[in-house]
Structures are given as C-alpha cells and as structure tokens.
Amino acid sequence: MDKAYEGNDIRQLGLNLGMIPVVPPKVNRLRPWVYDREVYKTQNEAECLFRRLKGIRRTSIALLNWI
C-alpha cells in the first residue's frame, strides 16, 4: 500500500483482514495517524528490490531473444 490507498475505508479493510497498515498519512490529512517508519522503510526496500529484479528479467529475456 502507498499513500494513494490511505483512505479510511481501505485502512479499515486492511485492519479487518488482520493486516497492519504502515502507510504514512498525506500531509493535508486533518487527523493523521501514527505509523511505523522503520517498517515503511523496509517495505520500500522490498519494492525497490522487486523493481530491480523485473529489470534484470527484462534484460535477460531480451538477451535470450537476441541470441
């Protein structure tokens, strides 16, 4: 989840499903909530890793098609 999904309905759905939302509130939020910054950083690192892996896969497939 990211800030695009920070609405009350989405957060409540995640809580009902047993998830712990770690999405930071938008800056213009009237009643911002507390979130775990360390968990959010870890989530960001994981997303960056998957983005890099997708790039490697794309490059390797292009290389295999070229051979």
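Brief remarks on what is shown
- Options LEU17, LEU53, LEU63, LEU13: the member that is surrounded by fewer than 10 Cβ atoms within 10 Å (Cβ to Cβ) and modelled with pLDDT of 85 or more: LEU17
- The set of residues from the stretch 2-26 being on the phi < 0 side of the Ramachandran plot and part of a loop (DSSP other than H, G, I, E, B) comprises ASP2, GLU6, GLY7, LEU17, MET19, ILE20, PRO21, VAL22, VAL23, PRO24, PRO25, LYS26.
- Test: residue in the stretch 44-66 that is outside the structural domain of GLU6 (by TED's automatic domain parsing) and in contact (Cβ under 8 Å) with a residue 12 or more places away in the chain: no
- In the stretch 27-44, residue surrounded by the fewest Cβ atoms within 10 Å (Cβ to Cβ) [restricted to those that are part of a loop (DSSP other than H, G, I, E, B) and within 15 Å of the chain's Cα centre (by Cα)]: ASP36
The values are calculated or read from the model by the stated rules, or taken from the named source; none is laboratory data. As the structure is a computational prediction, the values presented were derived from the model and not from experiment. Note: ideal-geometry Cβ built from the backbone for every residue, glycine included; neighbour counts use all protein chains shown.
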